[in-house]
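The values are calculated or read from the model by the stated rules, or taken from the named source; none is laboratory data. Quick caveat, the model's predicted, so the values are computed rather than measured. Neighbour counts run over all protein chains shown; Cβ positions are idealised from the backbone, glycine included. Keep in mind that these areas ignore ligands, DNA and RNA; they rest on the heavy atoms of the full protein, side chains included. Shrake-Rupley method; radii C 1.70, N 1.55, O 1.52, S 1.80 Å.
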Amino acid sequence: MDRVFFSIGAILAALGVAAGAFGAHGLKARLGPEMLAVFETGVRYHLIHALALLAVAWASTRWASAAIRGAGWLFVVGIVLFSGSLYVLCLTGVRALGAITPFGGAALIAGWLLLAWGAWRGR
């Protein structure tokens, strides 16, 4: 699983950088300051949790467990739901997608807790 999470984390980090560049250069003239800040929040959480996947890859080499694997998948789901919903909200203006964002945030929080649990219980 270490290769899987490291690869996914690296790809998501590259996509996060691309999203940040798109927001800074492509959306600056198209979005108001409030929506641009929402987009930037999505990018920030996207990049932080892409790096968290690299930590999961490392942790899985030390304390391989279902908790560590679960943390990795929760980070992936959290990025897609949290950041993805913010990106789509900003690009389409569909406010209903904001209802998905908290589920992504909950997945990210649960991922951190599972990562901590896996490290604590690891052998």
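Worth a mention:
- Helices in the chain that qualify as membrane-span-like (whole DSSP H runs, Cα extent of at least 24 Å along the helix axis, mean Kyte-Doolittle hydropathy of 0.5 or higher) are 2-21, 33-62, 101-121.
- Contour excess over end-to-end distance, with Cα ends at LEU15 and ALA96 and 0.36 nm allotted per residue: 26.7 nm
- The computed P(r) over Cα pairs in 10 Å bins from 0, in percent for the structure shown corresponds, within (i) 16, 42, 28, 12, 3, 0; (ii) 12, 37, 32, 16, 4; (iii) 11, 42, 36, 11, 0, to (i).
- Coil-residue trypsin sites (Lys or Arg not before Pro) of the range 1-47, DSSP, other Cβ within 10 Å capped at 13: LYS28, ARG30
- Within the accessible area of the range 6-110 (1.4 Å probe), percent carbon and sulfur: 74 percent
- For the chain, the mean residue ellipticity at 222 nm estimated from helices alone is -25500 deg cm²/dmol, where every DSSP H run of n ≥ 4 contributes -39500 (n - 2.57) and the total is divided by all residues, rounded to the nearest 500.
- Residue-normalised accessible area of the range 17-123, given per residue in Å² at a 1.4 Å probe: 55 Å²
- Solvent-accessible surface ranking, highest first, for GLU34, GLU40 at 1.4 angstrom: GLU34, GLU40
- Separation of the VAL4 and LEU51 label points, Cα + 7 Å toward Cβ, nm: 2.5 nm
- The relative contact order of the range 26-123 comes to 34 percent, based on Cα pairs under 8 Å that sit 6 or more residues apart.
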